[in-house]
Amino acid sequence: MSRICYVNGRFVKEENAKVSIFDRGFLFADGVYEVTAVVGGRLVDYEPHIDRLYRSMGELKLTLPMSRGQLKRVHLALIGKNALDEGGIYLEVTRGAADRDFAFPDASTKSTVVLFTQARSLVFNADGESGIKVITVPDIRWQRRDIKSVALLAQVLAKQAAREAGAKEAWMHENGVVTEGGSSNAYIVTQDGRILTRPLSNAILPGITRSSLIRVAAEKGLRIEERPFTLAEAFVAAEAFNTAASSFVMPVIAIDGKPVGNGKPGPVTTRLRQIYLDEVVKGAG
Ligand code: PDD
């Protein structure tokens, strides 16, 4: 079935979903994006994702040529038109199409807004049960990783290297300190049971799944400590996992070919995945 996508005010079949070759997203990666999970036809953590979108746009002086209410209606319409039960909605806003010139185009240039759906199993997910392997790579990205920019070449290379190594994610690091995954936030559980993830700063994306997980875990008496951890700590961790809207809580069972713990998803990770599914995903709407 051909998807129905949204392009600049219109719902069109995917084969007709096109933007200009002069679009600044294409020419300069001059745009931002969001990925919001959908489960049971309902949006998961929609408002925080859109808050982050507005923040990313604000940091880059991008504007949205529609209201927040209209944007929500487009999300809901796409779920309906595509009968999307489980997966995600990808949203991208760029600085629009204008003749190639680095500085911003004049104010009459309207931002480009596109959205499309991707069906994917999130709750009953084979990787979520078995866990995934990750590799580690130096973090070669720019210094504003808090902005959800579409400039993702470093992540493309990192995740391709992971695929070539038989792994599904790459953990990026700076001088041996883990920043985050290619498209996820990274965590370890130490041998003495502490759950660690890097604090927010310009060095990582403020993950929406991360922030919800920290909240619901605390409500269940599990404290996630926000402090940086090193690759050396990760190699001797009892457990490891990632979070993202595209995978929720994803166990990591090997790092650079070395098993984490006993090489199977650990009890803390499994509990956190369940808490997230019960407390955040079930309450979606
Ligand atoms: N990526 N860090 C990076 C670099 C990411 O790209 C993502 C998400 C996350 C997790 O953020 P959230 O929990 O809000 O999804 C962290 C999306 C899913 C993607 O690029 O497909």
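Here is a yes/no grid of residues against (1) in a strand (DSSP E or B); (2) more than 17 Å from residue 240 (Cβ to Cβ); (3) open to solvent by 10 Å² or more (accessible area, probe 1.4 Å); (4) among the hydroxyl-bearing types (Ser, Thr, Tyr):
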residue: 151; (1), (2), (3), (4): no, yes, yes, no
residue: 154; (1), (2), (3), (4): no, yes, yes, no
residue: 157; (1), (2), (3), (4): no, yes, yes, no
residue: 160; (1), (2), (3), (4): no, yes, yes, no
residue: 173; (1), (2), (3), (4): yes, no, yes, no
residue: 179; (1), (2), (3), (4): yes, no, no, yes
residue: 191; (1), (2), (3), (4): no, no, yes, no
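So, residue 200, is that one touching a residue at least 12 places away in the same chain (Cβ under 8 Å), surrounded by 16 or more Cβ atoms within 10 Å (Cβ to Cβ) and under 19 Å from the mean Cα position of the chain (by Cα) or not?
On the way: touching a residue at least 12 places away in the same chain (Cβ under 8 Å): yes; surrounded by 16 or more Cβ atoms within 10 Å (Cβ to Cβ): no; under 19 Å from the mean Cα position of the chain (by Cα): yes.
So residue 200 fails the test.
Looking only at the range 81-93, decide whether some residue is open to solvent by less than 60 Å² (accessible area, probe 1.4 Å), among the hydroxyl-bearing types (Ser, Thr, Tyr) and not in a loop (DSSP other than H, G, I, E, B).
yes
Can you name the condition, by its number, that residue 231 falls short on among (1) open to solvent by 40 Å² or more (accessible area, probe 1.4 Å); (2) more than 13 Å from the ligand (Cβ to nearest atom)?
Of the numbered conditions (1) open to solvent by 40 Å² or more (accessible area, probe 1.4 Å); (2) more than 13 Å from the ligand (Cβ to nearest atom), the odd one out for residue 231 is (1).
When you check residue 48 against the structure, is it in contact with a helix residue (DSSP H, G or I) (Cβ under 6 Å, 6 or more places away or on another chain) and not in a strand (DSSP E or B), yes or no?
yes
Based on what the data block shows, is residue 260 closer than 17 Å to residue 233 by Cα, out of contact with any helix residue (DSSP H, G or I) (no Cβ under 7 Å at 6 or more places or on another chain) and of a type outside the set (D, E, K, R)?
yes
Being in a strand (DSSP E or B) and either within 16 Å of the ligand (Cβ to nearest atom) or touching a helix residue (DSSP H, G or I) at 6+ places or on another chain (Cβ under 6 Å) (or both) is the filter here, so list the residues in the range 13-45 that pass it.
Within the range 13-45, the first condition is being in a strand (DSSP E or B), and the residues that meet it are 13, 23, 31-39, 42-43.
31, 32, 33, 34, 35, 36, 37, 38, 39, 43 - these are the residues of the range 13-45 that are in a strand (DSSP E or B) and either within 16 Å of the ligand (Cβ to nearest atom) or touching a helix residue (DSSP H, G or I) at 6+ places or on another chain (Cβ under 6 Å) (or both).
It is to be established whether one or more residues within the range 251-267 are within 14 Å of the ligand (Cβ to nearest atom), in contact (Cβ under 8 Å) with a residue 60 or more places away in the chain and farther than 18 Å from residue 191 by Cα.
No; the residues of the range 251-267 include none that is within 14 Å of the ligand (Cβ to nearest atom), in contact (Cβ under 8 Å) with a residue 60 or more places away in the chain and farther than 18 Å from residue 191 by Cα.
Would the range 199-215 turn up any residue that is more than 10 Å from the ligand (Cβ to nearest atom), modelled with pLDDT of 95 or more, under 25 Å from residue 46 (Cβ atoms) and touching a helix residue (DSSP H, G or I) at 6+ places or on another chain (Cβ under 9 Å)?
yes
Which number in (1) modelled with pLDDT of 95 or more; (2) assigned to a loop (DSSP other than H, G, I, E, B); (3) loosely packed, with under 14 Cβ neighbours inside 10 Å marks the one condition that residue 64 misses?
With respect to (1) modelled with pLDDT of 95 or more; (2) assigned to a loop (DSSP other than H, G, I, E, B); (3) loosely packed, with under 14 Cβ neighbours inside 10 Å, residue 64 is out only on (3).
Suppose we keep only residues that are in a helix (DSSP H, G or I) and among the acidic types (Asp, Glu) within the range 110-148. Which one would you say is least open to solvent (accessible area, probe 1.4 Å)?
Step by step, filter the range 110-148, then rank; the result is 127.
Kindly list the number of the only condition in (1) within 24 Å of residue 281 (Cα to Cα); (2) open to solvent by less than 10 Å² (accessible area, probe 1.4 Å); (3) touching a residue at least 24 places away in the same chain (Cβ under 8 Å) that fails for residue 57.
Among (1) within 24 Å of residue 281 (Cα to Cα); (2) open to solvent by less than 10 Å² (accessible area, probe 1.4 Å); (3) touching a residue at least 24 places away in the same chain (Cβ under 8 Å), the lone unmet condition for residue 57 is (1).
The values are calculated or read from the model by the stated rules, or taken from the named source; none is laboratory data. What you see is a predicted model; the values in this text were computed from it and never measured. Every residue, glycine among them, receives a Cβ derived from its backbone with ideal geometry; neighbour counts consider all protein chains shown. Just so you know, the surface numbers come from the protein's heavy atoms only, side chains and all, with ligands and any DNA or RNA stripped out. Shrake-Rupley method; radii C 1.70, N 1.55, O 1.52, S 1.80 Å.
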